[in-house]
Amino acid sequence: MHAMHLLAAAAGGGQVVPARAQMATTLGFHIILACFGIAFPTIVLVTEFRGLSRSDEVAMLLARRWSQVMGVLVAVGAVTGTVLSFEMGLLWPGLMRAYGAVLGVPFGFEGIFFFLEAIFTGIYLYGWQRLPGWTHFWTGIPIALTGLGGAVAVMAANSWMNSPGGFTLSHGRVVAVDPWHVFFNRATVYETPHMILAAYMVVGFVIASVYAAGILRGNRDRYHRLGFGIPFTIGAILTPIQIFVGDTAARAIASQQPVKFAAIEYVTQTGRDVPEYLGGFYVNGKVYFGLRIPYADSLLVGFKPSTKVTGLDSVSAANRPPALTLIHLSFDAMVGLAFLLLLAGLWALLVWRRSRGLPRQSWFWWLGILCGPAALVAMECGWIVTEVGRQPWVVYQLMTTTQAATTNGGVIDSLTAVIVLYAVLGVVTLILLRMLARRWRQSPQTEPEAVVPYGPPAEHREPTGREPA
Amino acid sequence: MIVDVVGGILLAGLTLYAALGGADFGGGLWDLLAGGYQRGRAARQLIDDTITPVWEANHVWLIFILVIFWTVFPSAFAAVMTAAALPLWLAAFGIVLRGAGFAFRKEVEALHWQRLFGATFALSSLIVPFFMGTVIGAIASGRVPANAAHTDPAVWTGPTSLLIGALFVAVCAYLAAVFLTREASRRSDERLRRYFTLRAAVAGAVSGALSLATLLEIHGSNPALFHGLTHRALALVIVSAACGLAVLVSLVTGRSQALRPLSVLGVAAVVWGWGVAQYPALLPGTGLTLTSGAAPHSVLVTVVVVFVVAALLVGPSFLLLFSLHGRQLLEEEKPAEEGGT
């Protein structure tokens, strides 16, 4: 608490630092669940499709169990997403007062997708018992589609903040809005696919790493191989596409948000023959301990060494993002981890081509376990790059984050509450999923059980029953 | 005027959230009061069954309201969010605890964990409507300044706010008990039907008493709103009172068919009564009206389009969800209780 007060004091007593910390905490937490909301239904449906079309009992069991996990994650995601809606106003009233009408356009469409997603999730999750097989499968299709639609809409809002347009200002007030232009702004073209691919990679690799751990423990049965194989294949196929999209995005940022790009690549001065730094710390305009590759940055931006790259010196110090080291290292971590994931996919592909099976080396399975956290960290790093890299702006070159922040005191208190609440929420969610896994391990062939609140039938319950956690 | 249309859309969202989300919150109250785990088992099971597949979809109405509010009336949204920050934070945290508690309770086996998550779900189901009610009370009683820079407890702790907070809790409990009575009756569970009939009647009486108390309080503190309620919105006030009485009569006589529509109509009449009485003020006491506080025209058109698309897509989907749920096709294993349609 005390340290946070100092933090706030250091920022000039304003609420912007704790407000940013709170937004980062809640968004960083929710985005994981959002990934599961976007991509998990598709992975479950692919598995159910396999189960139905090939009468594959193992695939059906996996789909059913994953659907139960989805139920928990969707519930947590629904409520943490609501917190973000509140925070738009509670933390950033300045932003909403000035640009709420503009930001509302993509969020309005998101609302439709969110409705449909929630409705069909209710049908799909609880329809396993009574709906006929293919009917049940088809009730899941709208969830997968609306998950994509919702992602498109939310990313349109975020990319609008990076590339604002589609409105007319008069005396600082928005007087006209072109909804089409707001929704399909310049940045959404690359931000949206980048995030959707990230969501599929995160879910694919995270689910796969759970089964990689099982296989490493010696459970190399079909259940585990399929549980690893389906999500891992989806993640691995998308990884090279993601690397291509990310590379395109970086080039677009170099031209559209040059200061963000300069922060990402430690470009201190505008010029040609700009080197690329791998790693390294940025202190007072100098890069320490970074691996310097001459001309590489110019080459990456314009495919020739003479390409001019805009540097941090193009704007005054006050208009540069803070924490350059954080931005740069986050970017490097994201790219590095993407190549690690690519390596894992190539390894599996090579083995598959040779032997039509999964790798036998335990090294591969250790890498498989690592893939889930790697994808997660890469995704979070990407968000750090784009959000911290946009600072000091909340709406690029139009409104600073300080102008947007609440003038209410007490953000430190809500921040503290959020940290405690989300820590408990995260830990309990993980404990619960582990409990589910343990229950499934003990009864590997049974269907997920219906749990009655406050006590299943007597023969089922022993007061000294298994202790969770 | 298109601004009246979008105001109506906002009220429609509020109505649906109050009716559908409200019943889910009220289920939490009855879960809390159901007693020990042996005694309360059957009631909790029915509550769980009725909430499980639908609460997330019902909850989306809140997101819808927030988004439409900030899109259509951005400055009023910012003012409310600043002036009434504390109750809104508490409501937001309550929403997290309630949803998570409910979802977690289903997945744990040990009784003490079920109790912990159940209590979290049930208690937060009380907190959320109460604090939301205080915020509505703050707006209705004209305590939200147009250019609020700071939160102030005086904004949302006035008598109107506290009464409306209590009223929200009571109405949620009332709606839930009515819905649960109907459900128990559909399942031919006579014991639970009587159990929830009694509770619906009590909650209905308390809601009625709180409505009257609020009206009396407004008479003294907020003559403009009182005048609106007793003149322009009088028909709606009468409709809501008549629906409340009709529900009580149906409960006593054991006719359950019309229970749900009547109770929802009663609550809708209250929401619209407030809107009509306050019209055209957006934040009473500030001079901010629907017209002066509205977003640019093209945004309002977009919101109407979104609403029409939503009505065309979301409406039938909701009907599908509710009808599958009503036909007990969305429940976890209980083959002995095959219900009719």
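The values are calculated or read from the model by the stated rules, or taken from the named source; none is laboratory data. These figures come from a predicted structure and were not determined experimentally. So basically every Cβ, Gly included, is an ideal-geometry build from the backbone, and we count neighbours across all protein chains shown.
Within the stretch A:72-83, can you find the residues that are within 7 Å of chain B (Cβ to nearest Cβ), in contact with a Leu (Cβ under 7 Å, 6 or more places away or on another chain) and surrounded by fewer than 24 Cβ atoms within 10 Å (Cβ to Cβ)?
A:Val72, A:Thr82
Kindly evaluate B:Gly133 against the criterion of being more than 20 Å from A:Val424 (Cβ to Cβ) and not in a helix (DSSP H, G or I).
no
Find the residue count for the stretch B:307-321, including only residues that are under 13 Å from A:Phe120 (Cβ atoms) and facing chain A (nearest Cβ under 9 Å).
The qualifying residues number 6.
For the stretch A:300-335, which positions are farther than 20 Å from A:Asn284 by Cα, exposed (fewer than 15 other Cβ atoms within 10 Å of the Cβ) and in contact with a strand residue (DSSP E or B) (Cβ under 9 Å, 6 or more places away or on another chain)?
A:Lys308
Could you check, for the stretch A:306-327, whether at least one of its residues is in contact with a Leu (Cβ under 8 Å, 6 or more places away or on another chain) and over 21 Å from A:Thr386 (Cα atoms)?
yes
Out of (1) crowded, with 17+ Cβ neighbours inside 10 Å; (2) within 27 Å of A:Leu326 (Cβ to Cβ), what's the single condition that is false for A:Phe232?
That leaves (2) as the condition not met.
If you go through the stretch B:74-96, how many residues are touching a strand residue (DSSP E or B) at 6+ places or on another chain (Cβ under 8 Å) and of a type in the set (Gly, Ala, Ser)?
Here the count works out to 3.
For the stretch A:386-398, enumerate the residues that are crowded, with 19+ Cβ neighbours inside 10 Å and of a type in the set (S, T, N, Q).
Correct list: A:Thr386, A:Gln391.
Which of (1) in contact with an Asp or Glu (Cβ under 9 Å, 6 or more places away or on another chain); (2) more than 21 Å from B:Gly326 (Cβ to Cβ); (3) not acidic (Asp, Glu) is the odd one out, the single condition B:Ala176 does not satisfy?
(2)
Identify all residues within the stretch A:256-279 that are among the small types (Gly, Ala, Ser) and either surrounded by fewer than 18 Cβ atoms within 10 Å (Cβ to Cβ) or free of Cβ contacts under 8 Å to residues at least 12 places away in the same chain (or both); write none if there are none.
Hits for the stretch A:256-279 are A:Gly271, A:Gly279.
What's the total number of residues in the stretch B:110-121 that are surrounded by fewer than 24 Cβ atoms within 10 Å (Cβ to Cβ) and either more than 8 Å from chain A (Cβ to nearest Cβ) or among the acidic types (Asp, Glu) (or both)?
The number of residues fulfilling the criteria is 5.
I'm trying to understand the selection: among the residues of the stretch A:399-446, which are assigned to a loop (DSSP other than H, G, I, E, B) and surrounded by 15 or more Cβ atoms within 10 Å (Cβ to Cβ)?
Within the stretch A:399-446, A:Ala405, A:Thr406, A:Asn408, A:Gly410 meet the criteria.
Only one of these conditions is not met by B:Glu107: (1) surrounded by fewer than 23 Cβ atoms within 10 Å (Cβ to Cβ); (2) over 30 Å from A:Pro106 (Cβ atoms). Which number is it?
Unmet for B:Glu107, out of (1) surrounded by fewer than 23 Cβ atoms within 10 Å (Cβ to Cβ); (2) over 30 Å from A:Pro106 (Cβ atoms): (1).
Kindly evaluate A:Met161 against the criterion of being among the aliphatic types (A, V, I, L, M), more than 14 Å from chain B (Cβ to nearest Cβ) and touching a strand residue (DSSP E or B) at 6+ places or on another chain (Cβ under 9 Å).
It is true that A:Met161 is among the aliphatic types (A, V, I, L, M), more than 14 Å from chain B (Cβ to nearest Cβ) and touching a strand residue (DSSP E or B) at 6+ places or on another chain (Cβ under 9 Å).
Within the stretch B:122-153, how many residues are more than 21 Å from B:Val276 (Cα to Cα) and of a type in the set (Ser, Thr, Tyr)?
The qualifying residues number 3.
Mind listing whichever residues of the stretch A:31-72 are part of a helix (DSSP H, G or I), farther than 16 Å from A:Thr139 by Cβ, free of Cβ contacts under 8 Å to residues at least 60 places away in the same chain and of a type outside the set (S, T, N, Q)?
A:Leu33, A:Glu57 - these are the residues of the stretch A:31-72 that are part of a helix (DSSP H, G or I), farther than 16 Å from A:Thr139 by Cβ, free of Cβ contacts under 8 Å to residues at least 60 places away in the same chain and of a type outside the set (S, T, N, Q).
Any residue at all in the stretch A:168-184 that is buried (at least 20 other Cβ atoms within 10 Å of the Cβ), touching a Leu at 6+ places or on another chain (Cβ under 9 Å) and part of a helix (DSSP H, G or I)?
Yes, because at least one residue in the stretch A:168-184 is buried (at least 20 other Cβ atoms within 10 Å of the Cβ), touching a Leu at 6+ places or on another chain (Cβ under 9 Å) and part of a helix (DSSP H, G or I).
So, B:Ala170, is that one part of a helix (DSSP H, G or I) and over 30 Å from B:Pro296 (Cβ atoms) or not?
yes
Taking the stretch B:258-287 only, how many residues are under 15 Å from B:Phe179 (Cα atoms) and in contact (Cβ under 8 Å) with a residue 24 or more places away in the chain?
Residues meeting the conditions: 7.
Taking the options A:Phe86, A:Phe113, A:Phe107, name whichever one is among the aromatic types (Phe, Trp, Tyr) and more than 9 Å from chain B (Cβ to nearest Cβ). Break it down stepwise before answering.
Numbers: A:Phe86 fails: more than 9 Å from chain B (Cβ to nearest Cβ); A:Phe107 fails: more than 9 Å from chain B (Cβ to nearest Cβ).
So the residue among A:Phe86, A:Phe113, A:Phe107 that is among the aromatic types (Phe, Trp, Tyr) and more than 9 Å from chain B (Cβ to nearest Cβ) is A:Phe113.
Taking the stretch B:15-27 only, how many residues are under 15 Å from B:Gly266 (Cβ atoms) and in contact (Cβ under 8 Å) with a residue 60 or more places away in the chain?
6
Give just the number: which of (1) away from chain A (no Cβ under 14 Å); (2) buried (at least 19 other Cβ atoms within 10 Å of the Cβ); (3) touching a Leu at 6+ places or on another chain (Cβ under 9 Å); (4) over 30 Å from A:Thr139 (Cα atoms) does B:Ala246 not satisfy?
(2)
Check whether at least one residue in the stretch A:131-148 is within 10 Å of another protein chain (Cβ to nearest Cβ), free of Cβ contacts under 8 Å to residues at least 40 places away in the same chain and crowded, with 24+ Cβ neighbours inside 10 Å, and report yes or no.
There is at least one residue in the stretch A:131-148 that is within 10 Å of another protein chain (Cβ to nearest Cβ), free of Cβ contacts under 8 Å to residues at least 40 places away in the same chain and crowded, with 24+ Cβ neighbours inside 10 Å.
Conditions tested, residue by residue: (1) in a helix (DSSP H, G or I); (2) at pLDDT 95 or above.
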residue	(1), (2)
B:Glu56	yes, no
B:His59	yes, no
B:Val96	yes, no
B:Ala103	yes, no
B:Glu109	no, no
B:His112	yes, no
B:Phe121	yes, no
B:Pro129	yes, yes
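Counting just the residues of the stretch B:44-94 that are more than 7 Å from every other protein chain (Cβ to nearest Cβ) and of a type in the set (Phe, Trp, Tyr), which one comes out farthest from B:Thr157 (Cα to Cα)?
Selected residue: B:Trp55.
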